[in-house]
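Just so you know, all these numbers are worked out from the coordinates, no wet-lab data involved. Just so we're clear, the structure is a prediction, and the values are computed from it rather than from any experiment. Cβ sites come from the backbone with ideal geometry, for glycine too, and all protein chains shown count toward neighbours.
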Amino acid sequence: MNQTTQHGFEPKIIAFVCTWCTYAGADLAGTSRMQYPANVRVLKFPCTGRIDPVFILKAFQQGADGVLVSGCHPGDCHYIAGNFHARRRFAAFRKLLEFIGVDLSRLQFSWVSAAEGGKWVEVVTDLTEKVRAMGPMVEFKELALEEQWSGVIDTPELKEAYNAI
Amino acid sequence: MNIHVLDKSIYTAVTEAIRSEATRLLTAGDVTVIVGYAAARRKGSAQPIVITSSADADKLIFTPACVNNLAVYLTKAKKEIPKGGKIGIVVKGCDLKALVGLMGESQLKREELYLIGVPCVGVLASTVQPATELTAETIASKCRECDAHLPSGCDLLPNVVLPPMPQLEGKYSAEIARLEALPPAERWAFWKEQFAKCIKCYACRQVCPFCFCEQCLCDRNKPQMVDTTPRPAGNTAWHIVRAMHLAGRCAGCAECERVCPMDIPLNLLNRKMAKELKELFDYEAGFEVNEKGPLSTYTEKDDQSFIK
């Protein structure tokens, strides 16, 4: 029985949340002892309006398989209109990513209020399961890996140089 | 004779009008400086020129080689243009849209400008020699889809009649449609190849009238949002950020694409975003000054079908 254990793929989900609604909603889910996948890494922001599209790019580049952006319901923004601006910005950003060739099912936007612990669990579970079924996000990771040395050392030129030492 | 040769005969009259107006303005002291085009050293080519004396007015020209968007000189290089008094500027329709955008963003004041509009049938593509005849093949891609042959709201618009222009097939719209029809993986492969060519010279940023930030996000290193080396990840991030920052602002002058030494189809991204913003928020760059662009305003009824 020399079977090696295969580690299954565990998706890495980054959640950009607003501190006033979704963060409190996630907190409620926690204090209510609701279970949700531990795959999600929560990053707290003052408002969804503070979440720059470049954060999402950075998350994908650094190894996220899925990204969740969540904030207050329209009309409930602590800063009056932050989520309205974010809504427009992300509507445009989605279209851009789609045109570049990114699969939009890895990117989820949601409104989760401070009272919606259950909705937070549902959103996180759905996204995690969806991304798990899709497998790892390779596109941006490949780009990032190309930044570094490929690790290939047995090229004829290098061997020749090595032998000449 | 090639049937596709475009009638650019009005440019002689336009040049005359620009010169006489420049002489009048500078002699009367209505403006202190005029930004326009002058002949450059290579045969048929043109370059931007800033004149402050009516003696130089004869240097001004307008030809199909006058490709530059002069609006850029009123933002970044503004420091080099003499202060005080009005600035006269020669504008094509596409350049005027950029100026209008800058006015909306409080970068320029209309009363500080004297706009000399150019009725334009098109300019040459960046891929051909400047002395080439203007034909349906050599015309710049942006001019094929131009809806602004006559700039409106200028202080002077030379009184010429635009010749009938043939309906040219839009290269950007065709290419956008082609890419949209591809599966995402093939689109990614296309853009990966395009972005891999980028050498991060930032010419696209420097030539863009709208990239006027004192410090670009991409030059900041604390935190470093976009890698600065000309490598795949940083290149991709840079071009996505650039397209996103221009969404709802780009006037479509296609200068980014013209100056790109690696021939990356940058305006394709800008046109795609313009198309999306038209569909989403019914916004288009035009000749009307809007205080708020589509992404700096909102309505409570905006589409949120993509939000759970």
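Results, tabulated for the structure shown:
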| quantity | calculated |
| --- | --- |
| Spatial extent of segment B:10-144: Rg and Dmax, with the Cα atoms as the point set, Å | 14.6, 43 |
| Overall form of segment A:13-164 per C-alpha gyration tensor (a/c, 1.5; a/b vs b/c) | prolate |
| DSSP bridge pairs, segment B:10-108: antiparallel proportion in percent, nearest 5 | 65 percent |
| Hz values of 3J(HN,Hα) by residue in segment A:12-18 - Karplus curve (6.51, -1.76, 1.60), Gly and Pro given as x | 9, 10, 9, 10, 8, 10, 8 |
| Cα gyration tensor shape for segment A:1-64, rounded if a/c is under 1.5, else prolate or oblate | oblate |
| 5 Å binning of all Cα-Cα separations within segment B:171-281, expressed as whole percents from 0 upward | 2, 12, 21, 25, 22, 13, 5, 1, 0 |
| Aspartates and glutamates with Cα under 13 Å of B:Lys171, excluding same-chain neighbours fewer than 8 positions away | B:Glu137, B:Glu145 |
| Overall dimensions of the protein assembly as shown as given by Cα atoms, namely Rg and Dmax in Å | 26.2, 98 |
| Nearby aspartates and glutamates by direct alpha-carbon distance to B:Lys8 (threshold 13 angstrom, same-chain neighbours under 8 apart not counted) | B:Glu133 |
| Folded to 0 to 90 degrees: helix B:93-104 orientation relative to chain B principal axis, Cα | 70 degrees |
| Exercise: per-residue mean of other protein chain Cβ atoms within 10 Å, A:100-112 | 4 |
| Length-normalised contact order for segment A:13-164 - Cα pairs under 8 Å, 6+ apart - percent | 33 percent |
| Cα-based shape type of segment A:25-112, given that a ≥ b ≥ c are square roots of the gyration tensor eigenvalues and the cut on a/c is 1.5 | oblate |
| Percent antiparallel among DSSP beta bridges (both partners in the protein assembly as shown, rounded to 5) | 25 percent |
| Sequence ranges B:184-190, B:161-167, ranked by mean other-Cβ count within 10 angstrom, highest first | B:184-190, B:161-167 |
| Order by protection proxy (mean Cβ within 10 Å, highest first), peptides B:17-30, B:265-278, B:60-73, A:117-130 | B:60-73, B:265-278, A:117-130, B:17-30 |
| Net charge of neighbours whose Cβ lies under 11 Å from the Cβ of B:Glu255, counting Lys and Arg as +1 and Asp and Glu as -1 | +1 |
| Pairs beyond 22 Å (Cα-Cα), from B:Lys97/B:Lys272; B:Lys97/B:Lys142; B:Lys92/B:Lys197 | B:Lys92/B:Lys197 |
| Hz values of 3J(HN,Hα) by residue in segment A:68-79 - Karplus curve (6.51, -1.76, 1.60), Gly and Pro given as x | 10, 10, 9, x, 6, 5, x, x, 9, 4, 4, 9 |
| Zero-based 20 Å bins, Cα pair distances in chain B, whole percents | 31, 58, 11, 0 |
| Relative contact order (%) - criterion: Cα under 8 Å, at least six apart; region: chain B | 18 percent |
| Loop-located trypsin sites (Lys or Arg not before Pro) in segment A:22-108 whose Cβ has at most 12 other Cβ within 10 Å (DSSP) | A:Arg33 |
| Where only C-alpha atoms are counted, convex hull volume of segment B:66-168 per residue in Å³ | 123 Å³ |
| Average other protein chain Cβ within 10 Å of Cβ, residues B:274-280 | 3 |
| Residue mean of other protein chain beta carbons inside 10 Å, B:186-195 | 3 |
| Centre separation in Å (Cα based) which lies between segment B:106-162 and segment B:190-240 | 28 Å |
| Rounded to 10°, Cα long-axis angle of helix B:232-246 versus longest principal axis of chain B | 60 degrees |
| Convex hull volume per residue for segment B:168-211, taking Cα atoms only, in Å³ | 116 Å³ |
| Acute angle (nearest 10 degrees) that the helix B:171-181 long axis makes with the longest principal axis of chain B, alpha-carbon atoms | 10 degrees |
